[in-house]
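The values are calculated or read from the model by the stated rules, or taken from the named source; none is laboratory data. Fair warning: this is a prediction, and the values are worked out from it, not measured in the lab. A quick note on method: Cβ atoms are made from the backbone with ideal geometry, for glycine too, and the neighbour counts reach across all protein chains shown. Heads up: the accessible areas ignore ligands, DNA and RNA and are worked out on the full protein's heavy atoms, side chains in. Shrake-Rupley method; radii C 1.70, N 1.55, O 1.52, S 1.80 Å.
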Amino acid sequence: MTTVTEAPPLAPAPPEPKPPRGRGRWTPYWLLLPGLLWLFVFFALPVVYQASTSVQTGSLEEGYEVTWHLATYWEALSEYWPQFVRSVLYAASATVLCLLLGYPLAYLIAFRAGRWRNLIMILVIAPFFTSFLIRTLAWKTILADGGPLVGALDALHVLDVTAWLGWTAGDRVLATPLAVVCGLTYNFLPFMILPLYTSLERIDPRLHEAANDLYARPSTTFRKVTFPLSMPGVVSGTLLTFIPASGDYINSDLLGSTDTRMVGNVIQSQFLRILDYPTAAALSFLLMAAILAVVTLYIRKSGTEDLV
């Protein structure tokens, strides 16, 4: 005769935690308050002020008054659209170059650097300890006429090809579109490398081992495993490079000429030299709108909407 043993009674489920009462429930909001105040004072208020400035009319002597003159946007765009196109072209070129140069270096740091990883990371970050202006002036010396770099490019007939493409003057690099793109690429390259390294460093090495066990070629492993998993870093790096590069004006001012002026140069001139504040404010908003449209389209096409 078999005896049936009763199962022990189940332990009662622990009570659900009650939401905090009193001052405790407001603690997260109090912690967010300093950051929200900072954004309100140094971002929201300036944006509102710039928006009101863009619809004003008048002069510096007579004063400006809000008249909702929206035609300023059309006038600014119709007059300075070449600078807008040039800014997008230069920024996109610098972003592509940063990706082509930064991805192999980030890959090296993440998977091949070994004990040299920290040293290479320090070398990547080291330019940040130098002023942006000084770094750009250094490139002005590197690309100077008669320098060793220009002489080497001329001997290799590289300048002939770039002159045919319209990026150099044929016998010089300074004061040409190529010089501006080189300056942008150098100054914003760390912004590409750091996100790429962070994304690549998170990839489990066992995935590469599994691909090798399945007799996948290195190129196939990179195309099917490494690059898709590093897409968040690619998107972040390209955005961190393209956005500031499209509004930059220092590289164009120091390394370019009047034929390489970007929209940032126009805004700087309108604000500080011509003192046409409504036009400058309108150009700033048009630049922000253009960047926002390009970034939104890029993120949707890349399939990484969760990064927004």
Note: among Tyr215, Tyr277, just one is touching a strand residue (DSSP E or B) at 6+ places or on another chain (Cβ under 8 Å), of a type outside the set (Lys, Arg) and open to solvent by 10 Å² or more (accessible area, probe 1.4 Å), namely Tyr277
Consider Leu275 carefully, then state whether it is in contact (Cβ under 8 Å) with a residue 24 or more places away in the chain and closer than 27 Å to Ile134 by Cβ. no
Which count do you get for residues in the stretch 93-125 that are open to solvent by 40 Å² or more (accessible area, probe 1.4 Å), small (Gly, Ala, Ser) and either part of a loop (DSSP other than H, G, I, E, B) or at pLDDT 90 or above (or both)? 0
Only one of Thr53, Thr72, Thr67 is under 18 Å from Asp276 (Cβ atoms) and free of Cβ contacts under 8 Å to residues at least 60 places away in the same chain, namely Thr67
Only one of Tyr186, Tyr197 is closer than 26 Å to Thr95 by Cβ, touching a residue at least 60 places away in the same chain (Cβ under 8 Å) and hydroxyl-bearing (Ser, Thr, Tyr); which? Tyr197
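Okay, residues lined up against (1) among the polar types (S, T, N, Q); (2) closer than 29 Å to Val294 by Cα:
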| site | (1), (2) |
| --- | --- |
| Phe84 | no, yes |
| Thr95 | yes, yes |
| Met121 | no, no |
| Phe132 | no, yes |
| Trp167 | no, yes |
| Gly170 | no, no |
Could you count how many residues in the stretch 53-91 are open to solvent by 40 Å² or more (accessible area, probe 1.4 Å) and either in contact with a strand residue (DSSP E or B) (Cβ under 6 Å, 6 or more places away or on another chain) or assigned to a helix (DSSP H, G or I) (or both)? 19
Residues (open to solvent by 10 Å² or more (accessible area, probe 1.4 Å) and under 14 Å from Leu184 (Cβ atoms)) located in the stretch 251-260: Asp253, Leu254, Gly256
Residue count, the stretch 140-150 (criterion: open to solvent by less than 50 Å² (accessible area, probe 1.4 Å), without any contact (Cβ under 8 Å) to a residue 40 or more places away in the chain and part of a loop (DSSP other than H, G, I, E, B)): 2
Can you name every one of the helices (runs of 4 or more DSSP H) wholly within the stretch 215-308 that holds 2 or more residues which are over 28 Å from Leu178 (Cβ atoms)? 218-221, 231-246, 277-302
Criterion first (open to solvent by less than 80 Å² (accessible area, probe 1.4 Å) and under 14 Å from Tyr186 (Cβ atoms)) does Thr168 satisfy it? no
Could you pull out the residue among Leu196, Leu153, Leu200, Leu137 that is open to solvent by less than 50 Å² (accessible area, probe 1.4 Å), farther than 18 Å from Tyr103 by Cβ and either touching a strand residue (DSSP E or B) at 6+ places or on another chain (Cβ under 8 Å) or assigned to a helix (DSSP H, G or I) (or both)? Leu153
Please verify whether Ile243 is within 17 Å of the chain's Cα centre (by Cα) and open to solvent by 30 Å² or more (accessible area, probe 1.4 Å), treating the condition exactly as stated. yes
